[in-house]
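J.: Below you will find the structure I want to go over with you.
The values are calculated or read from the model by the stated rules, or taken from the named source; none is laboratory data. All of these numbers come straight from a predicted model, not from anything done at the bench. When we count neighbours, we look across all protein chains shown, and the Cβ atoms used for this are built from the backbone with ideal geometry, even at glycine. These accessible areas exclude ligands, DNA and RNA; they are computed on the full protein's heavy atoms, side chains included. Shrake-Rupley method; radii C 1.70, N 1.55, O 1.52, S 1.80 Å.
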Amino acid sequence: MGEESSLIKESTSMNPNMEEEVEERDPESNPLNEPLLKRNRTLSGNPLALVGAKVSYIESLDYEINENDLFKQDWRKRSRAQVFQYIFCKWSLAFLVGLLTGVTATLINLAIENIAGYKLLAVVSFIQKESYLTGFLYFTGVNFLLTFVASVLCVCFAPTAAGPGIPEIKAYLNGVDTPNMYGATVLFVKIIGSIGAVSAGLDLGKEGPLVHIGSCFASLLGQGGPDNYRIKWRWLRYFNNDRDRRDLITIGSSSGVCAAFRAPVGGVLFALEEVATWWRSALLWRTFFSTAVVVVVLRATIELCHEGKCGLFGEGGLIMFDVSDVTVRYNVMDIIPVVIIGILGGLLGSLYNHLLHKVLRLYNLINQKGKMYKLLLSLSVALFTSVCQYGLPFLAKCTPCDPSLPEPVCPTNGRSGNFKQFNCPNGHYNDLATLLLTTNDDAVRNIFSTNTPLEYQPSSIIIFFALYCILGLITFGIAVPSGLFLPIILMGSGYGRLLGIIMGPHTNIDHGLFAVLGAASLMAGSMRMTVSLCVIFLELTNNLLLLPITMIVLVIAKTVGDSFNPSIYEIILHLKGLPFMDANPDPWMRNLTVGELVDVKTAVVSLRGVEKVANIVTALKNTTHNGFPVIDGGVVASTGVANEATELHGIILRAHLIQVLKKKWFLKERRRTEDWEVREKFTWVELAEREGNIEDVAVTKEEMEMFVDLHPLTNTTPFTVLESMSVAKAMVLFRQVGLRHMLVVPKYQASGVSPVIGILTRQDLLAHNILTVFPHLAKSKKKQ
């Protein structure tokens with residue numbers, strides 16, 4: 001997450017003296033006819049956030065349907081064949097997303113398992129010759145080189161490819177445009193960087209990057225390829241809008257999770273529970289279809305690899321822990337260790353989130369110094385990881401093999417196996433080398449192994465757990481593609497297995513199952529996922545008998561973790577400054593109305609239905625607003641009496657105004673245009689384009705005096721709310737509908753008064769922005 005750690009400055013903190021100067025009262029007890037709060041400044045959001053290596057200007061996405069005249073005419077003209085073509089294209093793109101994600105995941109697994117496998121075989125050959133120093137130099141040198149390649153790609157070519165990418169995807173599906181996140185360069189760097197970083201043995205996984213990779217495929221397919229080589233097929237232009245791109249990226253994210261864990265239902269639920277803000281049944285079906293395609297591709301690949309055509313890949317590369325043949329027995333008393341694991345998972349998960357927050361802030365200071373420092377930080381972590389993985393097994397005692405095990409099984413000198421010989425004599429194995437001197441996926445399989453109660457010594461498990469706690473903190477945040485799933489699984493399985501050793505005589509649960517429950521509890525305690533995580537582990541273990549205790553562990557861990565801090569992805573979103581809108585508004589927002597919010601904003605800039613070109617240019621150049629209310633004056637009211645009434649015709653987007661200026665759609669006199677005039681100049685597909693800058697538009701002095709009819713391009717059905725609506729209710733509406741602009745209208749409209757008193761955007765409804773304007777609410781928040 002190269003710049004995952006390069007964090008932007010947090011919101012301005014509250015001035016404690018300011019709170020003392022304000023009159024002390026509880027906003028909950030305020031009468032309805034009195035002002036709730038005293039204001040001290042103007043409401044203004046900071047539209048900047050960190051995306052990759054740059055602090056970028058953040059805009060919201062247009063998920064709302066823009067019902068202007070062109071859209072309505074096109075919708076009426078669509079034939080059944082065109083509607084069928086549109087639906088068929090949606091399913092075809094879902095199929096392609098699943099196919100490409102599955103194939104890419106297979107290639108990543110093949111590359112990682114073979115690169116890491118041949119590296120470990122060479123190291124073992126040096127150790128068998130007792131050339132320990134040569135083995136160390138080879139092991140460290142290869143890891144250093146692989147990390148160097150991954151880090152250079154991220155630092156120099158695609159900074160947004162660093163990290164998991166899940167927080168940015170979550171923000172995008174929430175309505176935040178995260179620039180440069182889904183391009184072809186990012187996709188290429190993400191694939192190559194993931195192979196290099198995971199093959200180098202760093203404490204990170206490919207699960208998060210696969211989610212980002214699936215989303216990149218979805219976005220590129222929806223827009224017809226990268227910007228420089230975009231396919232201009234007519235049917236692809238149907239998807240050139242934010243709503244369809246949102247659905248495709250949702251499908252891509254679920255396909256990525258499915259490809260990482262071979263869990264189709266878990267992938268769908270992950271998208272529903274963790275990343276998606278908006279959902280519907282049709283999207284559910286296409287998402288499930290895409291994950292089914294991924295599973296078919298992975299299954300076909302595994303069958304092919306069973307025949308020995310995949311090099312060292314074999315069954316590796318997928319965290320498969322099949323315990324379908326293990327008899328899971330537990331009774332009522334076994335609930336006690338299960339509850340303990342859940343509590344520990346919540347406590348350790350929240351502690352991990354807290355410490356990682358501090359580490360990312362420290363990395364921010366380092367990364368601000370330049371690209372060379374980012375590269376050196378990544379290489380330093382790689383060196384430290386290699387030294388620990390190679391050196392710590394020398395601290396472990398050699399354990400004699402069980403006489404009942406055949407010699408090829410114990411000890412083993414191959415790439416994988418539960419009983420690594422390492423530096424031990426014949427007939428003995430090194431349990432710590434079994435966990436450290438292997439790939440991360442094999443380490444998970446080894447520590448999850450069942451019916452091995454005496455395989456690992458408690459001291460080795462303690463060293464393993466402590467090491468991966470340190471590596472999990474210092475690795476996440478360096479400039480390489482990285483995922484959080486695997487580090488958390490390794491940490492959780494460590495203390496789960498240790499707890500199994502301690503409570504072994506008093507429970508019927510296998511030590512390997514304790515490791516599984518520990519991994520699940522730490523993931524729930526850190527990421528705060530429950531349903532999707534439960535199904536993912538169910539699909540991994542292939543044993544329904546584990547379902548009840550897994551559910552108990554997840555619920556307890558999430559409940560404990562929520563009482564301390566937010567989930568790790570919410571912490572990263574906050575650190576990066578992405579304006580993510582939570583599902584549940586704070587209780588104190590009930591005491592604030594949207595009318596009070598717009599009162600502290602700058603005055604709304606509105607345009608007339610037939611507006612002068614000079615006024616449009618002035619509005620675009622002097623403001624950064626992306627939406628302008630269109631108001632008509634002198635309208636005859638429904639009573640039939642012309643009394644200078646004003647009508648809110650709708651809202652027009654900044655991008656549409658720029659297109660009007662670019663196409664020189666000007667009138668010499670102030671008049672309304674005919675339908676054919678609009679269709680001759682614009683198409684609804686063109687209006688979906690968001691590119692354009694007012695500085696790139698040249699308007700002559702004569703054109704400044706001309707007019708533009710804005711009626712045909714205006715969204716005539718904007719979402720409006722009364723000024724008396726609470727901020728809490730407005731926030732829920734804004735998030736669920738996926739709005740970019742919310743118009744606030746007066747409760748009572750006098751003659752000659754504008755029908756719009758303000759516009760609320762995403763930045764206006766964020767809690768920390770509101771608290772800077774209304775400091776009284778900070779006290780109310782603390783009381784709650």
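J.: Which of rounded, prolate or oblate describes region 182-279 when judged by the alpha-carbon gyration tensor and an a/c cut-off of 1.5?
T.: oblate
J.: Can I ask one more? Rank these by accessible area, largest first, 1.4 Å probe: W91, W285, W278.
T.: Result of the area sort, largest leading: W285, W91, W278.
J.: So, how do all the Cα-to-Cα distances of region 61-182 break down into 10 Å bins, in percent, from 0 on up?
T.: Per 10 Å bin, starting at 0, the Cα pair percentages come out as 10, 19, 26, 19, 13, 8, 4, 2.
J.: Could you tell me the distance between the Cα centroids of region 442-504 and region 756-772, to the nearest Å?
T.: Using only Cα atoms to place each centre, the spacing works out to 44 Å.
J.: How would region 353-465 be classified by its alpha-carbon gyration tensor: rounded, prolate or oblate, with rounded meaning a/c under 1.5 and the a/b versus b/c comparison settling the rest? Please report the intermediate quantities before stating the final value.
T.: On the way: a/c = 3.11, a/b = 2.44, b/c = 1.28.
Here region 353-465 falls in the prolate category.
J.: OK, next. With a 10 Å radius around each residue's Cβ, average the other Cβ atoms per peptide and rank 553-559, 579-585, highest first.
T.: The most tightly packed comes first, giving 553-559, 579-585.
J.: My understanding is that a pair violates if its Cα-Cα distance is over 20 Å; which of K77/K681; K72/K612; K190/K558; K612/K662 do that in this structure?
T.: K72/K612; K190/K558
J.: While we're looking at this one, here's another question. For region 91-306, with only Lys/Arg (+1) and Asp/Glu (-1) charged at the beta-carbon, what is the dipole magnitude about the Cα centre, in debye rounded to 20?
T.: Its charge dipole is roughly 560 debye.
J.: What does the charge count near I488 come to, summing +1 for each Lys or Arg and -1 for each Asp or Glu among other residues with Cβ under 13 Å from its Cβ?
T.: -1
J.: Which three extents, in whole angstrom, do the alpha-carbon atoms of region 91-306 cover along their principal axes, largest first?
T.: The Cα atoms of region 91-306 stretch 63, 38, 31 Å along their principal axes.
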